[in-house]
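Below is one structure, written out as structure tokens; comments come after it.
The values are calculated or read from the model by the stated rules, or taken from the named source; none is laboratory data. Bear in mind the structure is a predicted one, so any value in this text is a computation, not a measurement. Note: accessible area is taken over every heavy atom of the protein model, side chains too, but ligands, DNA and RNA are not part of it. Shrake-Rupley method; radii C 1.70, N 1.55, O 1.52, S 1.80 Å.
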Amino acid sequence: MNKGFLYVGLSYFLWGILPLYWKVLQQVPAFQILCHRIVWSVFFLLCIHLFRQKFGWLKKVLHEPKIFLTFLLSSLLLSSNWFTYIWSVNHAHTIEASLGYFINPLISVLLGVIFLHERPDKWSWLAIGLAT
């Protein structure tokens, strides 16, 4: 069996049971959970970068405002996405949050067609139609 299939299967399994974890933390405010997630992720990634000695990208980010602002905007969008997800699960809106994550790729494809002028082939349109 290809390792990629195993990794994908495990990641989808973990993603599927993640709401159970947030539900256990229901008494903790969503913002506090998000802050812990950010701090521990930064610590984990810092350890990985220290181990690999890969810091060349950081100099470029700090010296080019456009890249820094792109990172800042993407981090704000991701944080708001995660906050909404954690909040919704902790306030008994798990089904609605799941539907949002199901619809999100369809919206992304639509935005790609409208703004990036992407042209999906017939099989892609079939997949989009089935998902819709």
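Which whole-number percent is the relative contact order of the chain (Cα, under 8 Å, 6+ apart)?
Relative contact order of the chain: 29 percent.
Which value in deg cm²/dmol, rounded to the nearest 500, describes the helix-derived mean residue ellipticity at 222 nm for the chain, given -39,500 (n - 2.57) per DSSP H run of n ≥ 4 and division by the residue count?
-28500 deg cm²/dmol
If I compute solvent accessible area with a 1.4 Å probe over the protein chains, what percent of it on segment 2-88 is carbon and sulfur? Working shown, then result.
On the way: 5540 of 7280 Å².
Its accessible area is 76 percent carbon and sulfur atoms.
Can you tell me the accessible area per residue over segment 1-69, all protein chains present, probe 1.4 angstrom, in square angstrom?
90 Å²
Could you let me know the centre-to-centre spacing of segment 86-132 and segment 1-40, using Cα atoms, in angstrom?
Each part's Cα centre sits 20 Å from the other's.
Which of LEU45, LEU76, LEU20 moves most in a GNM of the chain, Cα contacts under 10 Å?
Result: LEU45 has the largest fluctuation of those listed.
Name the residue, out of SER41, SER79, SER98, whose mean-square fluctuation peaks in a Gaussian network model built on the chain with Cα pairs under 10 Å.
SER41
Taking the chain as a Gaussian network, where each spring joins two C-alpha atoms under 10 Å apart, which residue of LYS66, LYS122, LYS54 fluctuates the most?
LYS122
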